[in-house]
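Scroll down for the structure; my scribbles are underneath it.
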Amino acid sequence: MSTHWGEAAELDARGDAFVVVTMVGARGHVPQDLGAKCIVTASGLHSGTVGGGKVEARAIQQAREILAGAQREPQLFTWNLTKDIGMTCGGEATFLFELHHRKKWSVAIFGAGHVGQALARTLLNLDCQITCVDFRPEWLTRLPDSPKLTKVLAEEPEK
């Protein structure tokens, strides 16, 4: 059985964006203990729980909106479970939403000669996407094959 942090590490290693939702506050009757966590990806609930039912559905919806939006800072939401969520618990729950999104950066190398060859090989050790552009096919074929490296043959690379 994977742990919460193991699941998060696997998603991060794959470069998948996700939101960790944590119940950080409770007043009255709530369906889960403080500290309960779940992980939400763009496709929905990945693992864990923050209470199930309507409150979890709302947390998943909020997490997916965060994934689709531009805001990257952690966000707090406090919901009255009766008024805001439509539950009968009567309590109030506060959730922390933390976006985890490791954006790969892109590097363009113009020229696949000796310097471009060395630079591309060095950059392949980093978490980036590389595009190497050259007009000489014989130099492009000397570059290593990697899903992180795109080779572009262009008659006029300056354009």
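Of note:
- So residue 90, is it in contact with a helix residue (DSSP H, G or I) (Cβ under 9 Å, 6 or more places away or on another chain), farther than 17 Å from residue 37 by Cα, modelled with pLDDT under 95 and surrounded by fewer than 16 Cβ atoms within 10 Å (Cβ to Cβ): no
- Residue 78 being touching an Asp or Glu at 6+ places or on another chain (Cβ under 7 Å) and under 27 Å from residue 104 (Cβ atoms): no
- Single match in 94, 88 (criterion: outside any loop (DSSP other than H, G, I, E, B) and closer than 22 Å to residue 25 by Cβ): 94
- For region 118-139, a residue qualifies if it is under 22 Å from residue 13 (Cα atoms) and either surrounded by 14 or more Cβ atoms within 10 Å (Cβ to Cβ) or not aliphatic (A, V, I, L, M) (or both), and the qualifying residues are 120, 121, 122, 123, 124, 125, 127, 128, 129, 130, 131.
- Top-ranked residue of region 33-51 - restricted to ones that are outside any strand (DSSP E or B) and touching a residue at least 24 places away in the same chain (Cβ under 8 Å), ranked as least open to solvent (accessible area, probe 1.4 Å): 50
- Test for residue 74: is it without any contact (Cβ under 8 Å) to a residue 40 or more places away in the chain and either within 16 Å of residue 94 (Cα to Cα) or in contact with a Pro (Cβ under 7 Å, 6 or more places away or on another chain) (or both): yes
- Being out of contact with any Leu (no Cβ under 7 Å at 6 or more places or on another chain), on the phi > 0 side of the Ramachandran plot, surrounded by fewer than 17 Cβ atoms within 10 Å (Cβ to Cβ) and free of Cβ contacts under 8 Å to residues at least 40 places away in the same chain is a description that does not apply to residue 28.
- Yes/no for residue 104 being open to solvent by 40 Å² or more (accessible area, probe 1.4 Å), touching a strand residue (DSSP E or B) at 6+ places or on another chain (Cβ under 6 Å), in contact (Cβ under 8 Å) with a residue 12 or more places away in the chain and over 30 Å from residue 38 (Cα atoms): no
- Filter result for residue 14 (charged (D, E, K, R), surrounded by fewer than 14 Cβ atoms within 10 Å (Cβ to Cβ) and either touching a residue at least 60 places away in the same chain (Cβ under 8 Å) or touching a helix residue (DSSP H, G or I) at 6+ places or on another chain (Cβ under 6 Å) (or both)): no
- Residues that are of a type outside the set (Gly, Ala, Ser) and over 23 Å from residue 85 (Cβ atoms) are absent from region 21-42 altogether.
The values are calculated or read from the model by the stated rules, or taken from the named source; none is laboratory data. Keep in mind the model is a prediction, meaning the values are calculated, not measured. Counting neighbours? That spans all protein chains shown, and the Cβs are built from the backbone with ideal geometry, glycine included. Accessible surface is based on the protein model in full, side chains and every heavy atom, while ligands, DNA and RNA are left aside. Shrake-Rupley method; radii C 1.70, N 1.55, O 1.52, S 1.80 Å.
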